[in-house]
Amino acid sequence: MNQDIKEQSDNQNEANKDVVTEDTSGGEMTELELALKEAEKYKDLAHRTAAELENLKKRSLQERDEIRKYGQSQLMIKMLGVLDDFTRAMDIIPDEAVVPGWKDGLDLVKRGIDNLLTTEGLNQIEALGKPFEPAEHEAVSFESVEGQDAGRVLSVVREGYKLNGRVLRAAQVTVSKTS
């Protein structure tokens, strides 16, 4: 579209040059020359406005995609709190304290929640045993462990998550240090 406008402008400029061939007396511009200059000015303004409009359309589409991808982040953060509580509750239920099959039903519910969040673009950050990464991990404590390289994640205190590749909540971790 912009290429077509530019070609039309170039063609009109050539035509305008052919029209303005008469000599001007005393260096003054004729009415035709003034009109052509003014037309060129408006043509340039039209090109700039068209380009700005095209850029605005591109930005709007990009912002709409961003909103679509990350708009539900506040809801996801709230859901993660509920998921954390549900996981902690599941971890402390003794096997002998419930009727057989009941805990399996709760495990099924947890897998369903995990699958739902995954389909919405939420992924857990793999942290255990990995090098400490400040963009994805939040160090809550440091421990000296013999035989362990400094800066490795020893344990995960709270899971971290990414939403469509962007860190939503950093993983809280314990990190090894040199003794």
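The values are calculated or read from the model by the stated rules, or taken from the named source; none is laboratory data. Note that the structure is predicted; figures quoted are calculated from it, not measured. Cβ coordinates were reconstructed from backbone atoms using ideal geometry, including for glycine residues, and neighbour counts include every protein chain displayed.
Here are some notes:
- Residue check, Asn123 modelled with pLDDT of 90 or more and outside any helix (DSSP H, G or I): yes
- Of all residues in the range 127-157, those satisfying the criterion of being surrounded by 13 or more Cβ atoms within 10 Å (Cβ to Cβ) and within 24 Å of the chain's Cα centre (by Cα) are Ala127, Phe132, Glu133, Glu136, His137, Glu138.
- Output for the range 38-97, where each listed residue is in contact with a Lys or Arg (Cβ under 9 Å, 6 or more places away or on another chain) and of a type in the set (D, E, K, R): Lys69, Asp84, Asp95
- Qualifying positions in the range 68-106 - of a type in the set (D, E, K, R), more than 29 Å from the chain's Cα centre (by Cα) and surrounded by 11 or more Cβ atoms within 10 Å (Cβ to Cβ): Lys103
- Boolean, Asp104 is out of contact with any helix residue (DSSP H, G or I) (no Cβ under 9 Å at 6 or more places or on another chain) and not basic (Lys, Arg): yes
- Qualifying residues in the range 158-173 (those that are surrounded by fewer than 17 Cβ atoms within 10 Å (Cβ to Cβ) and touching a Phe, Trp or Tyr at 6+ places or on another chain (Cβ under 9 Å)) - the one modelled with the highest pLDDT: Val167
- Residues that are of a type in the set (Lys, Arg) and in the same structural domain as Asp107 (by TED's automatic domain parsing) occur in the range 71-90; there is at least one.
- Helices (runs of 4 or more DSSP H) lying entirely in the range 1-94 (those with 3 or more residues that are touching an Asp or Glu at 6+ places or on another chain (Cβ under 9 Å) and modelled with pLDDT of 75 or more): 73-92
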